[in-house]
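Chemist: Below: one structure in structure tokens.
The values are calculated or read from the model by the stated rules, or taken from the named source; none is laboratory data. The structure presented is a predicted model; accordingly, all values stated were derived computationally and were not measured. When we count neighbours, we look across all protein chains shown, and the Cβ atoms used for this are built from the backbone with ideal geometry, even at glycine. The protein model used for the area step is the full one, side chains on, heavy atoms only, and it has no ligands, DNA or RNA in it. Shrake-Rupley method; radii C 1.70, N 1.55, O 1.52, S 1.80 Å.
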Amino acid sequence: MNSYRALIGKASLIISCLIFLYSCSNQESKTDKEDSAPTSLKAEEIQQVKVKTVRKEDFSHKLISNGKLKAVNKVSLRFESSGVIKDIKVKNGDFVRKGDTIAILDNSREKIRLAKSRTNISKAELEYQNLILGHKGANSDTSGMDKEILKNLRIESGLEQANNDLKEVQLDYEKTILIAPFKGKIANIEKHSNDRNDTGKDFCAIVDNSLFDVEGFIMESELKWIEQGQKATILPFAFDSTFFTGVINQINPQVNENGLIKVVARFRNVKNKLLDGMNAKVLFEKILNNQIVVPRSSIVLRDGKKVVFTLKHGKAYWNYVAVNMENDTELSLLDGIKEGDTVIYSGNFNLAHESKVKVIKN
């Protein structure tokens with residue numbers, strides 16, 4: 001009896017194990033199907049892209065260089081004589097006009113000499129008139145007298161020498177006064193009143209900020225894109241969103257030791273923001289007509305070559321291209337794309353040949 005019960009118990013245990021194993025196997029099978037179902041049912045992913053229809057158009061070819069602004073009218077001023085500075089009429093940054101007085105040296109001695117010279121001229125003129133009367137009696141009219149005689153009378157009276165002395169003293173007096181030679185702003189004054197001024201040293205500078213030159217450099221291979229009168233755009237580093245337009249007025253006819261050619265553009269400081277010596281970026285621009293132009297972002301690399309994808313019937317097709325010229329936003333192509341093609345310029349990074357795509361609006 002006990003053996004029978006033991007046998008039944010073993011049988012029940014075996015049946016329970018078989019049921020458990022079947023249940024686990026069934027669950028695993030179900031799980032595997034659920035995991036594989038999304039993959040087998042997943043639709044092919046479609047890339048969203050932006051496109052542009054190619055038309056022949058003008059292409060702006062730009063050469064970029066860094067340069068420094070130089071005022072066209074700028075001069076350093078100095079006194080032609082030494083002495084103590086009596087008065088400074090202006091300060092750095094002041095605007096002056098042509099003929100304005102900038103500073104004066106102590107010129108007391110020169111004023112005394114001027115007064116003496118004028119007195120000597122008055123005396124000499126009286127003596128000159130007396131000599132004329134001695135030649136013509138009461139008639140002082142010199143219109144009929146010989147010019148050589150009049151010259152000798154001027155010398156004899158001392159009038160000729162007195163006039164020369166006055167001119168010399170006048171020049172010495174003018175050397176004590178610093179005058180603005182043209183309009184502009186004062187810069188670089190370092191002296192003060194009662195300081196001593198030495199000859200040969202600059203006292204200040206005048207800078208006319210209305211007209212600037214900016215020097216840039218191009219490679220000799222780029223010379224074919226540059227010519228006199230060509231447009232140039234100047235972007236000062238000091239102002240992020242401000243630009244100025246000028247023209248090329250100098251091309252130095254020599255290549256320097258670095259293989260570069262100096263190009264100078266001239267422009268007006270129309271917004272009155274610029275200062276002499278500022279740094280700027282210079283763009284020399286030349287317009288090429290009837291070019292196949294595509295956005296710069298349309299270029300991708302495939303197998304180490306430049307490729308542009310075109311859209312046809314909802315698919316992307318790659319085209320090997322040859323680039324002619326480029327600027328910061330566009331490319332001019334020589335080959336690979338023709339007028340009327342629809343190029344993909346956004347969403348093209350991961351595309352493959354004949355990838356399905358969907359066009360989205362710009």
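Chemist: Given Thr245, Thr233, which one is within 21 Å of Asn73 (Cβ to Cβ), of a type in the set (Val, Ile, Thr) and either in contact with a Phe, Trp or Tyr (Cβ under 8 Å, 6 or more places away or on another chain) or open to solvent by less than 10 Å² (accessible area, probe 1.4 Å) (or both)?
Modeler: After ruling out the rest, the residue left standing is Thr245.
Chemist: Let me ask something else. Where the second residue is assigned to a loop (DSSP other than H, G, I, E, B) and the first is basic (Lys, Arg) and lies in segment 242-270, which pairs have Cβ atoms under 9 Å and are six or more apart or on separate chains?
Modeler: Hits for this filter: Lys262/Asn252; Lys262/Gln254; Lys262/Asn256.
Chemist: Inspect all residues belonging to segment 274-297 and state whether any of them is outside any strand (DSSP E or B), over 30 Å from Pro236 (Cβ atoms) and open to solvent by 30 Å² or more (accessible area, probe 1.4 Å). Show your work before the answer.
Modeler: First, the residues of segment 274-297 that are outside any strand (DSSP E or B): 274-278, 296-297.
Of the ones still in play, those that are also over 30 Å from Pro236 (Cβ atoms) are none.
No, there is no match, as no residue in segment 274-297 is outside any strand (DSSP E or B), over 30 Å from Pro236 (Cβ atoms) and open to solvent by 30 Å² or more (accessible area, probe 1.4 Å).
Chemist: Okay, moving on. Could you check segment 175-184 and list, in sequence order, the residues that are outside any loop (DSSP other than H, G, I, E, B), surrounded by fewer than 19 Cβ atoms within 10 Å (Cβ to Cβ) and within 34 Å of the chain's Cα centre (by Cα)?
Modeler: Ile179
Chemist: Every residue in segment 242-258 that is more than 12 Å from the chain's Cα centre (by Cα) and part of a loop (DSSP other than H, G, I, E, B), please.
Modeler: Result: Asn252, Pro253, Gln254, Val255, Asn256, Glu257, Asn258.
Chemist: Separate question: Answer yes or no as to whether Asn197 is under 12 Å from the mean Cα position of the chain (by Cα), among the polar types (S, T, N, Q) and closer than 29 Å to Asp100 by Cα.
Modeler: Answer is no for this residue.
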